[in-house]
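The structure appears right after this line, and notes come after that.
The values are calculated or read from the model by the stated rules, or taken from the named source; none is laboratory data. Keep in mind the model is a prediction, meaning the values are calculated, not measured. Cβ: placed from backbone, ideal geometry, glycine included. Neighbour counts: every protein chain shown.
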């Protein structure tokens, strides 16, 4: 897992542009009410932190992530004193009970080995009646299925290295986690948007940065196999037409719930 998230700049080019667009949709769905202490679990390069900072009242945001390169990136990019970033584990959050008014997580739960522990931890560190919410890409979102579909045609072993082993990315799974963690007022929804590329290289070049499951896979290919995959993806996305804009649909699942009053 560490090698997939060793380069924050490469991740930002690969997925950061989409997470930055998804974050405001997720924050709007979360409908945070009251309080100004918010935890961003798995803060990555800070897309959710930026969206939270735009909320009325300008809340203070604590971001935590296991990847030190992402924490370093956030500290350099977000110098505002309202933000604090530290390296840590979502399954064992280093905060006391009721430390935050709300806890949110964007595009992280699919990477957590035991997501139920993370959900319980997010509930623990959130005050009663506070909101706990998470959002992940759908299992069959186009960016993933197109890449791994073509990769697997050329290399059947690619399936085992794909994101299809990710957790919590099918309809209903996040809501089930929230129920198991003891949340109340649970609601799950699909968030949809479009990924637009100005050219095929705009799609392909970020895949060569060595980050994420796709980037690590591409980096491990021989030059000949990399060229074959590039050609296959170009045919899939452009067919016989000349190079030009490409648009792909993106879908994510989001869940929110509230922490019950403790008795």
Of the conditions (1) surrounded by fewer than 20 Cβ atoms within 10 Å (Cβ to Cβ); (2) under 22 Å from residue 11 (Cβ atoms); (3) touching a strand residue (DSSP E or B) at 6+ places or on another chain (Cβ under 9 Å); (4) in contact (Cβ under 8 Å) with a residue 12 or more places away in the chain, residue 82 clears all except one; give me its number. (2)
So for region 85-102 (the condition being farther than 20 Å from residue 212 by Cα, at pLDDT below 95 and touching a strand residue (DSSP E or B) at 6+ places or on another chain (Cβ under 6 Å)), does at least one residue qualify? no
Could you go through region 159-182 and let me know if any residue there is more than 30 Å from residue 97 (Cα to Cα), buried (at least 18 other Cβ atoms within 10 Å of the Cβ) and out of contact with any strand residue (DSSP E or B) (no Cβ under 9 Å at 6 or more places or on another chain). yes
Regarding residue 242, is this residue farther than 28 Å from residue 22 by Cα and either crowded, with 18+ Cβ neighbours inside 10 Å or touching a helix residue (DSSP H, G or I) at 6+ places or on another chain (Cβ under 7 Å) (or both)? no
Over region 94-111, the set of residues crowded, with 23+ Cβ neighbours inside 10 Å and more than 24 Å from residue 28 (Cβ to Cβ) is none
Being assigned to a loop (DSSP other than H, G, I, E, B) and touching a strand residue (DSSP E or B) at 6+ places or on another chain (Cβ under 7 Å) is the filter here; which residues of region 209-263 pass it? 245, 259, 260, 261, 262
Just to be sure, is residue 236 over 20 Å from residue 106 (Cα atoms) and at pLDDT below 95? no
Looking at region 11-39, which of its residues are in contact with a helix residue (DSSP H, G or I) (Cβ under 7 Å, 6 or more places away or on another chain), buried (at least 21 other Cβ atoms within 10 Å of the Cβ) and at pLDDT below 95? 11, 14, 15, 19
Only one residue in 76, 114, 68 is out of contact with any helix residue (DSSP H, G or I) (no Cβ under 8 Å at 6 or more places or on another chain), within 23 Å of residue 175 (Cα to Cα) and without any contact (Cβ under 8 Å) to a residue 24 or more places away in the chain, so which one is that? 114
I need a count of the residues in region 103-117 that are touching a strand residue (DSSP E or B) at 6+ places or on another chain (Cβ under 7 Å) and either under 21 Å from residue 37 (Cβ atoms) or in a loop (DSSP other than H, G, I, E, B) (or both). 6
Can you find even one residue in region 164-183 that is farther than 25 Å from residue 108 by Cβ and at pLDDT below 95? no
Criterion: at pLDDT below 95, in contact with a helix residue (DSSP H, G or I) (Cβ under 8 Å, 6 or more places away or on another chain) and in a strand (DSSP E or B) - qualifying residue of 136, 131: 136
Quick count over region 62-79, residues being loosely packed, with under 15 Cβ neighbours inside 10 Å, farther than 14 Å from residue 12 by Cα and under 19 Å from the mean Cα position of the chain (by Cα), is 1
